[in-house]
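The structure appears below as structure tokens.
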Amino acid sequence: MSDCIFCKIAAGEIPANFIYQDDEVVAFKDTNPQAPVHILIIPKKHVANILEADEALLGTLFGKVKKIAASQGLSEKGFRTVVNTGDDGGQTVHHLHLHLLGGRFMQWPPG
Ligand code: 5GP
Ligand code: ZN
């Protein structure tokens, strides 16, 4: 999608601090981190959010979490994964993304 910032990041047209890439997925550091480790994992294909994603794509996205979390040293103490959807979900970038947060204790419930 031509005016989508995450499509541009996935295509290498906008710089990002990449930490993982494969044929279907890229992962990069969030520019406004909410934890010592804050990574965004996105499909290369443009899909707005969970409501527009099929099960296979969601499986692909979540399937990367374990490996990427391990690469960031989060396996032992754990981490949080978040997917914001739509207005009430607080989604601001309308290209499906999974937040991987770690490196500190995460309060619950979220605000
Ligand atoms: P959302 O609120 O849509 O779930 O999260 C969007 C996230 O994308 C936010 O945490 C925000 O800091 C991050 N973000 C927005 N624009 C950019 C960008 O250009 N580069 C990177 N690396 N992260 C971005
Ligand atoms: Zn996009």
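At a probe radius of 1.4 angstrom, the accessible area of the stretch 26-97 per residue rounds to 57 square angstrom.
With bins 5 Å wide beginning at 0, the percent of Cα pairs of the chain falling in each bin runs 2, 12, 23, 25, 21, 12, 4, 0. Between their Cα atoms, which of K8/K29; K8/K77; K44/K64; K45/K66 are more than 23 Å away from each other? Correct reply: K8/K77. What number comes out for the charge environment of M106, summing +1 per Lys or Arg and -1 per Asp or Glu over other residues with Cβ under 14 Å away? In short, +3. Summing -39500 (n - 2.57) over the DSSP H runs of n ≥ 4 in the chain and dividing by its residue number, what mean residue ellipticity at 222 nm do you reach, to the nearest 500 deg cm²/dmol? Calculated at 222 nm, the ellipticity per residue is -5000 deg cm²/dmol. With θ taken as phi - 60° and the Karplus curve 6.51 cos²θ - 1.76 cosθ + 1.60 applied, the whole-hertz 3J(HN,Hα) list for the stretch 5-16 is 5, 6, 4, 5, 5, 4, 7, x, 7, 10, x, 8 Hz, x standing for glycine and proline.
Using a probe radius of 1.4 angstrom, the carbon and sulfur fraction of the accessible surface of the stretch 5-102 is 49%. Under a 5 Å amide H cut-off, with hydrogens placed 1.01 Å from N, V26 pairs with I42, K44 among residues at least 5 apart or on other chains.
The phi-based Karplus calculation (6.51 cos²θ - 1.76 cosθ + 1.60; θ = phi - 60°) puts the 3J(HN,Hα) values of the stretch 48-54 at 5, 6, 4, 5, 9, 9, 8 Hz, whole numbers, x for Gly and Pro.
The charge dipole of the chain, taken about its Cα centre with unit charges on the Cβ of Lys, Arg, Asp and Glu (plus for the first two, minus for the last two), comes to roughly 520 debye.
The values are calculated or read from the model by the stated rules, or taken from the named source; none is laboratory data. This structure is a prediction, so every number in the text was calculated from the model and none was measured. So basically every Cβ, Gly included, is an ideal-geometry build from the backbone, and we count neighbours across all protein chains shown. Areas reflect the complete protein model, heavy atoms only, side chains present, ligands, DNA and RNA absent. Shrake-Rupley method; radii C 1.70, N 1.55, O 1.52, S 1.80 Å.
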